[in-house]
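Worksheet for the structure shown next.
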Amino acid sequence: MLRRQSVLPGFSLSLGVTSAFIGLLVLLPLAALAAKAASLRPAAFWATVSDPRALAAYRLSFGASLAAAALNGVFGLLVAWVLVRQPFPGKRLVDALVDLPFALPTAVAGITLTTLYGPNGWIGRHLEPLGLRVAFTELGITVALTFIGLPFVVRTLQPVIEEMGTDAEEAAASLGAGRAQTLWRVVLPTLLPAWLTGVTLALSRALGEYGSVVFIAGNMPMKTEIAPLLIMTKLEQYDYAGATAIALVMLFASLLLLLAIGTLQAWSVRRSLGEAAS
Amino acid sequence: MSAIVAARRAQPLTPPAPSASEDSRPVRLALTGAALVFLGLFLFVPLLAVFAEALSKGGEAWVAAVSEPEARAALWLTLKVAALSVPLVTVFGVAAAWLIARFDFRGRRLLLALIDLPFAVSPVIAGLVFVLLFGRQGLFGPALAEHGVKVIFAVPGIVLATLFVTLPFVARELIPLLESEGRDEEEAARTLGASGLQMFWRVTLPNIRFGLLYGVILANARAMGEFGAVSVVSGHIRGLTNTLPLHVEILYNEYRFQAAFAVASLLAFLAIGTLVAKALLERRIGGSR
Amino acid sequence: MSIEVRDIRKRFGSHQALDGVSLKVETGSLVALLGPSGSGKTSLLRIIAGLERPDAGQVLFAGEDATRQDARLRRVGFVFQHYALFRHMTVFENVAFGLRVRGRATRPTEGDLRGRVRELLELVQLGWMADRYPSQLSGGQRQRVALARALAVEPRVLLLDEPFGALDARVRRQLRAWLRGLHDKIGLTSVFVTHDQEEALSLAHRVAVLNDGRVEQEGTPEDIACRPATAFVAEFLRPEAVTISA
């Protein structure tokens, strides 16, 4: 028996519709990717994925994504904390604005950040004299990826900070802990699972990101060419085999991160359930 | 991803903080200030910049840029793609959520992971897989070419890529909602003699309507704004396979910055509308609990 | 209408919820299914309603096999533990639901429907609440709306899952007396589930004590209270004072 019997109707219908969509839109395309990958000769595959240009692209993609995720780890925590704990006028508006990177098409984010951080841009023109070049450098890529990833960290942390309440902090204070000790020993450990989940989600999104990065990146092979762009370039040259090879490497990384996110979320849920019970 | 879904509904709530868990006033001001400066520089200034650049040559230039034939064709295509793909992912989302939240069956967890998968895949790879399927050298490419059907570098390919990237939105919104509402009301409807369809229309749908709308709005924003996946399969044929985001790219790469931002401002309106609708719906969803 | 279940078995995963339960409910009687949580009493009630399918065994309504019959065709009135009122409908529309979803041939006219719903709301003493929403009602009021809703479809039997479980003690006593009065008035065959022995003994004509998916004893309240058939029944019915001091 495929299912536990239920009095509610619609099992066959919903199973049929769901399987049809998943089959045609997810499994079939992935099968095409697998078929293409299987047709590659191992030597050629290896040559493609370990080509210096590809290696430079991975290094850039992973490096910039990690840097952006780390920045989001710091600022996302700050923003989430302030949004939950500090009253200030216009808070609802600011709270809604946090989702802007989810809602704003990536191409729009891309050209806007490029213009803002360009040598003549509102922000770039003040950074130039300090010797900071943002647009068309790794720094620009990191800025775009930070923009894209911010809501993931904030929105993962916010409910946990809310749920945490102030009880534990008060208890710590009543036991003689100073404010810094309380934060370090009570607050941060409580937030750790959710924080790691948010940072990993941001990292996962950054690794695959294309639209917001291509404008600000400069796209110089070996220097400012991210891995998704390399896939795109190979596709434009009708090098399907090469594109597939690079895509497999990136997909593998994404799946590892997905697995990590699943584990972290399970940890996070266990943690909050355990607290609710105690 | 479910953490995000749940989190987006979080109601900002500030109980008067008791002194033991309260930072000193200068610290609080510094924290709030730092967060606001960061958000201002990172989110508000870019949003403002879109409109400033779009209007940098005056209103007439803005009107000219958004009403030139290629821009109108791009807008039309974007609306068409959304109109085709959003209803489909809505049907999928409702079916998948009903299946996952109401039945226990073998392979349920695997199915859940597959529903989430498009969130984890790079948009470029999302486009690539459809090129591998339907492109000229793709699995079905030769067969399709024989019958004169064009998928890649044509509208069907754009719709397929859009479907792929928007697939999880509605389902992901509805699954936790259906799970938290339980099945009592639906069972009550059954014992009172309602047919499956009557139960769905009169009991299930009214209970999930705000969550459904929320998912649809998010899916729509992504469908209209998708760039990477669509970029791979569209072929950038002006007036034919250019959506608004792709049109923005073309204008920008031609150094027609003001025109690019004018078209981008249409998409920024979409984003603002989405954020407003989201905030309003979050209040409704939060209130019904 | 009489109800009979024969050798019902039901397993949830590795848990044997019902392990060969047989029971007869005479027409017009009021029967309590009494037992601790996890004894299978709610599962049995849901199987009678058609909300669960048994793995084995039979459910008979008036002597006819209804085991495979769909819940919507059984004409049972089911009152859910947490009432399961439709949140987006007024009290009136909640009660009218069962009449509105009928096929064209048997659906009453709008006028008849209004009359019938008004009548039922008067019966549960909530006529003045017709336009409220469930969220605006107290627990006891919700319970009565749920009852009126179940009665609207002219059920052949009435099934109640922990009908007083979510109410405070005072409302519970009032509602209990009222329900007994209602049953005496309309004479509908009724089965209710409870974990409260006092409730079962004071309200029901007959009581079935369930434990671990089996019927330990079935009889009149007097039988159960004075002549417990098993050690479990004796233990379960011991006055609460003893339980507390233990």
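Read-outs: derived from the displayed coordinates by stated rules, not from any lab. None of the values given here were measured: they were computed from a predicted structure. Note that we place each Cβ from the backbone using ideal geometry, even for glycine, and neighbour counts take in every protein chain shown.
Using a Gaussian network model on chain B with a 10 Å cutoff between Cα atoms, which of B:135, B:239, B:193 fluctuates the most?
B:193
If I build a Gaussian network model for chain C, linking alpha-carbon pairs within less than 10 angstrom, which residue out of C:156, C:144, C:173 has the largest mean-square fluctuation?
Of the options given, C:173 has the highest mean-square fluctuation.
Can you list the residues, at least 5 places off or on another chain, whose amide H is less than 5 Å from the amide H of residue C:17, using H built in the peptide plane?
The list, which skips near neighbours in sequence, is C:10, C:11, C:12.
How crowded by other chains is A:217-223, given as the mean number of beta carbons from other chains within 10 Å of each beta carbon? List each step's numbers first, then the result.
Details: counts 0, 0, 0, 0, 0, 0, 0.
Across the residues of A:217-223, the mean count of other-chain Cβ atoms within 10 Å is 0.
Could you tell me the distance between the Cα centroids of segment C:1-67 and segment B:157-194, to the nearest Å?
So the two Cα centres are separated by 32 Å.
In whole angstrom, note down how far apart the Cα centers of segment A:66-100 and segment A:123-175 are.
7 Å
Please give the charge dipole size of segment B:58-287, origin at the Cα centre, charges +1 on K and R Cβ atoms and -1 on D and E Cβ atoms. Round to the nearest 20 debye. Please report the intermediate quantities before stating the final value.
Values: 19 positive and 17 negative charges, 50 e Å.
It comes to approximately 240 debye.
Which order do the peptides A:7-18, A:42-53 come out in when sorted by mean C-beta neighbours inside 10 angstrom, highest first?
A:7-18, A:42-53
Could you work out the helix-only [θ] at 222 nm for chain A, with each DSSP H run of four or more residues adding -39,500 (n - 2.57) and the total divided by the number of residues, to the nearest 500 deg cm²/dmol? Let's see the in-between values first.
Values: 15 runs with 207 residues, N = 278.
So the helix-based figure for chain A works out to -24000 deg cm²/dmol.
Once you average over the residues of C:64-75, how many Cβ atoms of partner chains fall within 10 Å of each Cβ? Don't skip to the answer; put the middle values down first.
Values: counts 0, 0, 0, 0, 0, 0, 6, 9, 12, 2, 3, 3.
For peptide C:64-75, the averaged partner shielding equals 3.
Tell me which trypsin sites (Lys or Arg not before Pro) from segment C:17-114 have a DSSP coil assignment and no more than 11 other beta carbons within 10 Å of their own.
Values: sites: C:24, C:41, C:46, C:68, C:72, C:74, C:75, C:87, C:100, C:102, C:104, C:114; in loops: C:68, C:74, C:75, C:87, C:102, C:104.
Taking segment C:17-114 and a limit of 11 other Cβ atoms within 10 Å, the loop trypsin sites (Lys or Arg not before Pro) found are C:68, C:104.
I'd like the mean, over residues of A:244-250, of how many other protein chain beta carbons sit within 10 Å of each residue's own Cβ.
Mean shielding by partner chains, rounded to a whole number: 3.
Can you give me the long-range amide H partners of residue C:216? Hydrogens built in the peptide plane at 1.01 Å from N, cutoff under 5 Å, separation of 5 or more residues or another chain.
C:209, C:210, C:211
Tabulate in residue order the Karplus-calculated ³J(HN,Hα) for segment B:28-39, using 6.51 cos²θ - 1.76 cosθ + 1.60 with θ = phi - 60°, rounded to whole Hz; enter x for Gly and Pro.
5, 5, 5, 4, 4, x, 4, 5, 5, 4, 4, 5
Where the only charges are on Cβ atoms (+1 Lys, Arg; -1 Asp, Glu), what is the dipole of the protein assembly as shown about its Cα centre, to the nearest 20 debye?
Values: 79 positive and 65 negative charges, 161 e Å.
Roughly 780 debye for the protein assembly as shown.
Can you give the FRET efficiency for residue B:61 and residue A:256, using 1/(1 + (r/R0)^6), R0 = 41 Å, r = Cβ-Cβ distance, to the nearest 0.05? Provide the component values of the computation, followed by the final result.
On the way: r = 48 Å, r/R0 = 1.17.
Rounded to the nearest 0.05, the efficiency is 0.30.
Which of C:116, C:206, C:142 ends up with the largest GNM mean-square fluctuation for chain C, with Cα atoms connected below 10 Å?
It is C:116.
Using DSSP H assignments, which helices in chain A have an axial alpha-carbon span of 18 Å or above and a mean Kyte-Doolittle hydropathy of -1.0 or higher?
Working: long enough: A:52-85 (48 Å, 1.22); A:138-164 (38 Å, 1.12); A:188-208 (30 Å, 1.14); A:240-277 (54 Å, 1.30).
Answer set is A:52-85, A:138-164, A:188-208, A:240-277.
Mean Kyte-Doolittle hydropathy of 0.0 or higher plus an axial Cα length of 18 Å or more: which whole DSSP H helices in chain C meet both?
Once both thresholds are applied, nothing remains.
Just how large is the dipole of segment A:60-273 about the Cα centre, in debye to the nearest 20, putting +1 at every Lys and Arg Cβ and -1 at every Asp and Glu Cβ? It would help to have the intermediate numbers written out before the result.
Values: 13 positive and 13 negative charges, 45 e Å.
My answer is approximately 220 debye.
For segment A:199-243 and segment C:189-243, compute the distance between their C-alpha centroids and round to whole Å.
71 Å
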